[in-house]
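In what follows, a structure is listed as structure tokens, so that the remarks can point back to it.
The values are calculated or read from the model by the stated rules, or taken from the named source; none is laboratory data. Computed from a predicted structure; not experimentally measured. So basically every Cβ, Gly included, is an ideal-geometry build from the backbone, and we count neighbours across all protein chains shown.
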Amino acid sequence: MMGLAILATILVLAPLAAILFYLVYKGASSLNLAFFTQKPAPVGEEGGGMANAIVGSGIILSIASLLGVPVESRQVSTSQSSAVAKCLATLFASPQMCLTECHLS
């Protein structure tokens, strides 16, 4: 049984490895500083870069970090911090959880 699992794993990973190798082989020559710093070129033109995509990913990551990373505040009393935590939990919760919170309160 273990042999079949290993064989199945190899059969699945072999095409994926071949595709990855092909992409690296064909695409490595296109990677340079201009690719990362220039804006995308219009359709049909040579060149262009990924600057907009990299900046956009950074903005999304920053916003997600601001919303998702907990902030510790030692100056707020525990009753205030629990009230803030409950408000934030209700604000960012799913509608079903909001309904549950409203009925329990």
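Look through segment 47-90, keep the residues that are surrounded by fewer than 10 Cβ atoms within 10 Å (Cβ to Cβ), modelled with pLDDT under 70 and of a type in the set (V, I, T), and return whichever of them is farthest from S29 (Cα to Cα).
T78
List every residue pair whose Cβ atoms sit under 9 Å apart, with the two residues 6 or more apart in sequence or on different chains, where the first one lies in segment 2-21 and is at negative phi and the second, anywhere, is surrounded by 10 or more Cβ atoms within 10 Å (Cβ to Cβ) and at pLDDT 95 or above.
Taking only residues 6 or more apart or on different chains, not a single pair turns up.
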